[in-house]
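Let me begin by presenting the structure, written as structure tokens, before commenting on it.
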Amino acid sequence: MKSVFLDDDNLKNELIKYPKIVKRYFKDYKINPIENSKDSLIIYSYISEDDEEIIAAETQSQFYLREGKTFFINIFVKNNSHNFFENFHIEVINLDENISIIEENEHQEIDEEILPLSDYLITYLCSINNAWTYENINLPQIIISYNEGNINHTLPLSLPKFSLIKYNIHPFMGKHYLEFIYNIFNKSIIKCKTGLSQFILLSSRSGYGKSRLIQEMKFPLLKDNFRYLIYNCYDYNNMNIFRKLICDLLYIPYNEKNLFYTKEQLNTMFLSNKMTNIAADTLSSFICNNSYLDTDIEYISQYLSMLIEHVSQKKKIFIGIDNIQNNSQCFFKILKELILYIENKNLNIIVTISLNIEKLIEENINNIKKFTTFFKHKIDENINQYIEFKPAGFQNEKINFWMNSLNRNNPSDSLILKLSQSFGDIPLEVITISDYFKTNSILKCTSKGEWYISDKKEFYKTFDEGTISFEDIFSIRFNSIFKLYPNYEEAINQTISTIVLFNNNILYYNCLEIVNDYNVIDILRDFKIIKLTSNILSFYHDSIYNYFQKNILYSTLMINTVYNYVINNDVIENKDSILFNVFFQTGNVDKYSIYGLKLMQKYISQLDYLSAIQLGKLLFKDKKCKEKHRAKYLLLGRLFGFSCSSNGNKDESCEIFLELCPLFNEAQNILESKDICDFYRDAVNSLLQSSRFDEALDIIKYYENVQNISQEHKFLSKNREGVIYLSLNKMDKALEVFNESLILAHNIENNTFFWTSTVYSDIALLYFYSIPCIENKVKTIENFKKAISDYNQCEDNTIYRYCEILWHNAFVCILEQDYESALTYIDSGLKEKNQQESIYSIYRFKNLQALCYLYKGEIDLAIDCLRLEKSECETKEFITGLIKIYNNLGVAFYISGNPLQAFHYLELSFSFLSKDRVYLKMFPVLSNLLIISKILDKPTDQIIKIIQKTQDVEFIKHCMKLMKNNNDIEYSWTLWNFKGLDYIY
């Protein structure tokens, strides 16, 4: 034990940390000598439009409210001394009747005492009434009082001037929009307050007001004391949204490159929020690290859900996620899991998500379709908690918009009719043209507030040009800025170009350092070209960003300015992406091929397959890259194909791999053998997933003949070949190849038993699906036990293989009719899965559990288990699982004496099965349906056609025998008298 002598100074330094204890137990001990408080206690205020906006607060003299009804009065207190100050109070007086304080001290309570060497931020969330009817409003006075020793201090705090002159938000209107907010959404708030969590999907085309709706939700939510957390996927995409959400829940400032907390500090914060050690470590690693494995997703999803549950017990939460359409598969996986967790726990949370159905990336359509199917299924299942609202524009209310906008009262007014007939019903387009007319003085306002045509020539010229599309309307508005500010044309173009190069996401101070002009940023904000949210500058609407991506011209000076700034600034986020944009725009293939490859690797490490696909599609067609940098081009192509496969775009993935195969074979002198082998491994896996077995065998020939191939890849190529033959139902050939792969596995020096265990699992599967006989049953059990034994002697840190072995143990127990032991293994597997594994693996265990109940004769319990499993599979769209679960439900209902219900489920199973190629694993479904159809006198022609397509002689013979007699289901194609049951293997 180490002893430290505390002299008077050391003792004071320790005790100063605990002033309350000192005051209570050491009243006479003087640890707080009065210092000159002139510089020791710093207090200042600033105003911001969102609670994360950081202002140069000491110098803020003027604040302009631009958006919404709310703003924050922020009071910052910093104690630089070892003193502590008591009886600290803030008094707000002379509150203007047009301002209401909704909430105080959201971030931190001072508790009447300022501790030494500490700082505090006290916020007052305020709302303003009828902002568009005023220019200036008087802010309240702030009086600060505190005691410094025996001395009392009282001082007024100066607030900046508050102006509405730049307030530029149109009144919220439209009958069905108003109905949604003031009726449907308000009811959702009431339901949530009573413990019924709410989920809202806003879906429409671009410009129909989804973001505005989320903004309008803010005021009623804050009035009801909700935390209001919103995220735009253009600012934070994919997993970064969940990083930001975690940080916001704990009031941690989030910046990917400049996190203000260490991993250890984050761990402590999570532990203080009732997280387990594993959960705390997982979440802190997730925030600090920007790469993770697919198996990490379940961890993150589970622990994020637990954190939200804990935080929501303190205060109700609203989570809004805007523009979800371009996120990857892992984002939707976590989002669905989070929604289901919140629903199951009935947390006081409202989740609102918006989907732009117009701007979908082709490769992401399947992910979007799965999510919307899931959400609509939940609406049908639980209409009290799930809502979909489809904003439909102004419809017949555009006359009301123009009347309101121009302050005219006659719907037959010629100006009103002209405008309403000429411009459509999309809110964004109508507002854009309205702002154009007003800011360019084409329309002017009388002293009574009524707008009239001031410049008839320009007014009617707009109509003559037939401005129909948003691009036309926006182009007119944007170009008009140069007429009003001719001296700013270069600076405006530089600012716009910079934001585009930064992927529509740049910190305010970064942009300011590049452009070096406050005014140009203000001008673009005034014209609603760009917006500032949480200190991030981005375009006001994604349609504006898309416009500039197509139409911006980059000057050499601007490109060089951005390049020099980024290359010399280590804390820039997404540096590789920005530099890729810079070099791609200048046509520097030597550079953009390097950064393109780095970006592809980064996206894949973040499981952001969609971004990888978009970039891969761009570079895969790039002839300059293909000709000048063949090695990088091939590596990019492999990552492109892998991303397509991982994202579920199987056909596209296969075509990419097949196109690249001969090129990789020719590139053995310019690529490492490992890179070539990794390519062929991924190519074979992609073709296997798409049931393109013959083409996969062709790739194996390339794979096996790579020069200097490693022992591990020799094994993998042979093992994949065995899987192909197994899938083709060529059992003898598959067994021969698996035995060869077993010899190769023994030659791998590193972790030999892991590889041999894998082969024994494959061989066990082969015997299980071979012709049912006692000999094959014995060999199945024997090889599963070898797989288990070898695994127990290997090193393996993956939860996946560990759970696979638990499944093997349970399955062996079932084969040996030891159902109680099987249930014990299943229970262990489910406990592991509930924490971290894939949905696929969870259902494999649950299916085994239901089958154990069937074998034990507990039919009702088995049916209940299978029904629950069915519901979850339907929600998650797990098709393979559904085919087998429907089959097993059919068997269970037949055994229970309900052949009609049995036929219903078997027919459902068959309907899914018919859409894809038939595997040997699916034989029980076909023979079961054949038997039940004959028993109920149903047609069997379609079933027979599918059976013949299997090309399995033994199975076809078996089914032909069934056709001759009305047999019981126990005569179905059986796997050792399992009576037609099937397994999610």
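What follows is calculated from the coordinates using simple rules that are stated; it is not laboratory data. This structure is a prediction, so every number in the text was calculated from the model and none was measured. Positions of Cβ are backbone-derived with ideal geometry, glycine not excepted, and every protein chain shown enters the neighbour counts.
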Quiz item: So what J values fall out for the range 583-598 if you push phi through Karplus, 6.51 cos²θ - 1.76 cosθ + 1.60 with θ = phi - 60°, rounded to Hz, Gly and Pro as x?
Solution: 6, 5, 5, 8, x, 7, 5, 4, 8, 5, 5, 5, 6, x, 5, 4
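If R₀ is 60 angstrom, what is the calculated FRET efficiency for the pair Lys166 and Ile670, using the beta carbon separation as r and rounding to 0.05? Present the calculation step by step, with values, prior to reporting the outcome.
Working: r = 59 Å, r/R0 = 0.98.
With R0 = 60 Å, the Cβ-Cβ based efficiency is 0.55.
Pop the C-beta distance of Asp50 and Thr824 into the FRET formula with R0 = 41 Å and round what comes out to the nearest 0.05.
Details: r = 54 Å, r/R0 = 1.31.
Efficiency, rounded to the nearest 0.05: 0.15.
Efficiency by 1/(1 + (r/R0)^6): what FRET value for Lys785 and Ile101, r their Cβ-Cβ distance, R0 = 51 Å, to the nearest 0.05? Present the calculation step by step, with values, prior to reporting the outcome.
On the way: r = 71 Å, r/R0 = 1.39.
Computed FRET efficiency for Lys785 and Ile101: 0.10.
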Self-check item: Cα-centre dipole for the chain with unit charges at Cβ (Lys and Arg positive, Asp and Glu negative), debye to 20
Solution: 1820
Exercise. Take the cross-link list Lys218/Lys846; Lys650/Lys964; Lys166/Lys418; Lys175/Lys438 and give me the ones stretching past 31 Å between alpha-carbons.
Key: Lys218/Lys846; Lys650/Lys964
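Can you sort Phe459, Phe878 by how many other beta carbons sit within 10 Å, fewest first?
Details: Phe459 17, Phe878 20.
Least crowded to most crowded, the residues run Phe459, Phe878.
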Self-check item: Inter-label distance, nm, simple model (7 Å from Cα along the C-beta direction), Gln601/Glu655
Solution: 2.9
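Fewest to most neighbouring Cβ within 10 Å: what's the order for Glu489, Glu721?
Numbers: Glu489 14, Glu721 25.
Sorted ascending by nearby Cβ count, the order is Glu489, Glu721.
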Self-check item: In order through the range 894-905: 3J(HN,Hα) via Karplus (6.51 cos²θ - 1.76 cosθ + 1.60), integer Hz, x for Gly, Pro
Solution: 5, 4, 7, x, 10, x, 5, 5, 4, 4, 4, 6
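Please tell me the relative contact order of the range 798-877 in percent, rounded to the nearest whole number, where contacts are Cα pairs under 8 Å and at least six residues apart. Can you show the working numbers first?
Details: 65 pairs, mean separation 19.0, N = 80.
Once normalised by length, the contact order is 24 percent.
What ranking of Phe71, Phe527 emerges when the number of other C-beta atoms within 10 Å of each C-beta is taken as an exposure proxy, fewest first? Walk me through the intermediate numbers first.
Values: Phe71 25, Phe527 20.
Ordered by Cβ neighbours within 10 Å, fewest first: Phe527, Phe71.
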Practice problem: Using amide H atoms built 1.01 Å from N in the peptide plane, name the residues 5+ places from Ser538, or on other chains, whose amide H lies under 5 Å from its own. | Solution: Lys531, Thr533
Quiz prompt | Between helix 819-836 and the chain: long-axis angle, C-alpha atoms, 0 to 90°, nearest 10 | solution = 30
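Please compare each pair in Lys187/Lys376; Lys779/Lys957; Lys191/Lys870; Lys369/Lys718; Lys602/Lys870 to a cut-off of 27 Å on the Cα-Cα distance and tell me which ones are over it.
On the way: Lys187/Lys376 20 Å; Lys779/Lys957 24 Å; Lys191/Lys870 29 Å; Lys369/Lys718 37 Å; Lys602/Lys870 37 Å.
The pairs that break the limit, which is 27 Å between Cα atoms, are Lys191/Lys870; Lys369/Lys718; Lys602/Lys870.
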Quiz prompt | On Cα atoms only, tilt of 609-620 relative to the major axis of the chain in degrees | solution = 90
Quiz item: When only C-alpha pairs under 8 Å and at least 6 residues apart count, what is the relative contact order of the range 175-389, in percent?
Solution: 36
Quiz prompt | Cβ crowding within 10 Å averaged over residues, with 415-423, 269-277 ranked highest first | solution = 415-423, 269-277
Exercise. Enumerate the calculated ³J(HN,Hα) couplings along the range 667-675 in order (Karplus 6.51 cos²θ - 1.76 cosθ + 1.60, θ = phi - 60°), each rounded to whole Hz, writing x wherever the residue is Gly or Pro.
Key: 9, 5, 8, 10, 10, 5, 4, 4, 5
Practice problem: Would you mind counting up the charge near Phe754? Only other residues with Cβ under 11 Å from its Cβ, with Lys and Arg at +1 and Asp and Glu at -1. | Solution: -3
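Which value in deg cm²/dmol, rounded to the nearest 500, describes the helix-derived mean residue ellipticity at 222 nm for the chain, given -39,500 (n - 2.57) per DSSP H run of n ≥ 4 and division by the residue count?
Numbers: 43 runs with 551 residues, N = 985.
Per the formula, -17500 deg cm²/dmol.
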Quiz item: Nearest 10 degrees, 0 to 90: what angle lies between the long axis of helix 774-791 and the longest principal axis of the chain (Cα atoms)?
Solution: 40
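Would you mind calculating the relative contact order of the chain from Cα pairs under 8 angstrom and at least 6 residues apart, reporting the percent as a whole number?
Values: 1435 pairs, mean separation 67.9, N = 985.
After rounding, I find 7 percent.
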Quiz prompt | Length added when fully stretched, Ile956-Tyr800, from 0.36 nm per residue minus Cα-Cα | solution = 52.6 nm
Quiz prompt | Beta bridge orientation in the chain: antiparallel %, DSSP, nearest 5 | solution = 65
Self-check item: Estimated inter-spin distance, Ile859 and Ile383, nm [label 7 Å along Cα→Cβ]
Solution: 3.6
